[in-house]
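Report on one structure; see the data block that follows.
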Amino acid sequence: MTKKRIAVDMDEVIADSISRFQEWYGIDFQLTLSLEELRGKNFHEVVAPEHQDALRGYPNRPGFFKDLPVIADSQRILSEINQRYELFIATAAMEFSNSFLDKYNWLQQHFDFIPWRNYVFCGDKSILNADYLIDDNAFNFERFRGEGILFDAPHNVNETRYRRVNSWQEVGEIFL
């Protein structure tokens, strides 16, 4: 019997990149960005106009993706999912040229049970041949042929078109 395929995004799904934005913004501008301020908005909508270029540039800086915190319970749940499904990590690393090596090394360190052959570094996720895509950006589901499952993040709280999960515990309830 063929196993179903699950593709999982990295940023804001298994890797906490919001915390890096908050950290670097605090260092550069001595200001705090709370998750509540970000609720329903993107970063550029909550920072001063004169800070927006710096904020947009963070993901292009070396080291931005290097040692991001792991999203709670993602390792345990994905390890279990990996036993029952074909599991792939699908990340838009092509958008940020400095991110590829950091993301690859991060996956090797934190998700070593997923073989490197199951890493997909891409731009357009509609090319994925998977039954499910777990992602925080709904635009990735628009041409995806399988089912999109929206992983909760501050910027997507107003999105209602897709099935939503608020935690890895909820992902586990669906697939395990």
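Things to note:
- Screening Glu159 against (1) more than 30 Å from Glu37 (Cα to Cα); (2) free of Cβ contacts under 8 Å to residues at least 60 places away in the same chain; (3) part of a loop (DSSP other than H, G, I, E, B) leaves a single unmet condition, (1).
- The condition (being of a type outside the set (Asp, Glu), in a loop (DSSP other than H, G, I, E, B) and either free of Cβ contacts under 8 Å to residues at least 40 places away in the same chain or in contact with a Leu (Cβ under 8 Å, 6 or more places away or on another chain) (or both)) is satisfied by just one residue among Arg164, Arg143: Arg143.
- Glu159 vs. criteria exposed (fewer than 15 other Cβ atoms within 10 Å of the Cβ), at pLDDT 95 or above, acidic (Asp, Glu) and closer than 28 Å to Lys41 by Cα: no
- Neighbours by Cβ (under 9 Å, 6+ apart or cross-chain): first from the range 3-32, surrounded by fewer than 12 Cβ atoms within 10 Å (Cβ to Cβ); second among the polar types (S, T, N, Q) and modelled with pLDDT of 95 or more: Thr32/Gln22
- Residues located in the range 66-90, provided they are more than 21 Å from Lys4 (Cα to Cα) and either open to solvent by less than 10 Å² (accessible area, probe 1.4 Å) or in a helix (DSSP H, G or I) (or both): Leu68
- Note on the range 91-115: among residues that are open to solvent by less than 30 Å² (accessible area, probe 1.4 Å) and not in a loop (DSSP other than H, G, I, E, B), the one that is nearest to Ile127 (Cα to Cα) is Thr91.
Residue by residue, here is whether (1) over 26 Å from Asn98 (Cα atoms); (2) open to solvent by 40 Å² or more (accessible area, probe 1.4 Å); (3) outside any loop (DSSP other than H, G, I, E, B) holds:
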site: Glu36; (1), (2), (3): yes, yes, yes
site: His44; (1), (2), (3): no, yes, yes
site: Glu50; (1), (2), (3): no, yes, yes
site: Arg56; (1), (2), (3): no, yes, yes
site: Phe64; (1), (2), (3): no, no, no
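The values are calculated or read from the model by the stated rules, or taken from the named source; none is laboratory data. All values derive from a computational prediction rather than experimental measurement. When we count neighbours, we look across all protein chains shown, and the Cβ atoms used for this are built from the backbone with ideal geometry, even at glycine. Ligands, DNA and RNA are stripped out before the accessible areas are found, and what is left, the full protein with its side chains, is counted by its heavy atoms. Shrake-Rupley method; radii C 1.70, N 1.55, O 1.52, S 1.80 Å.
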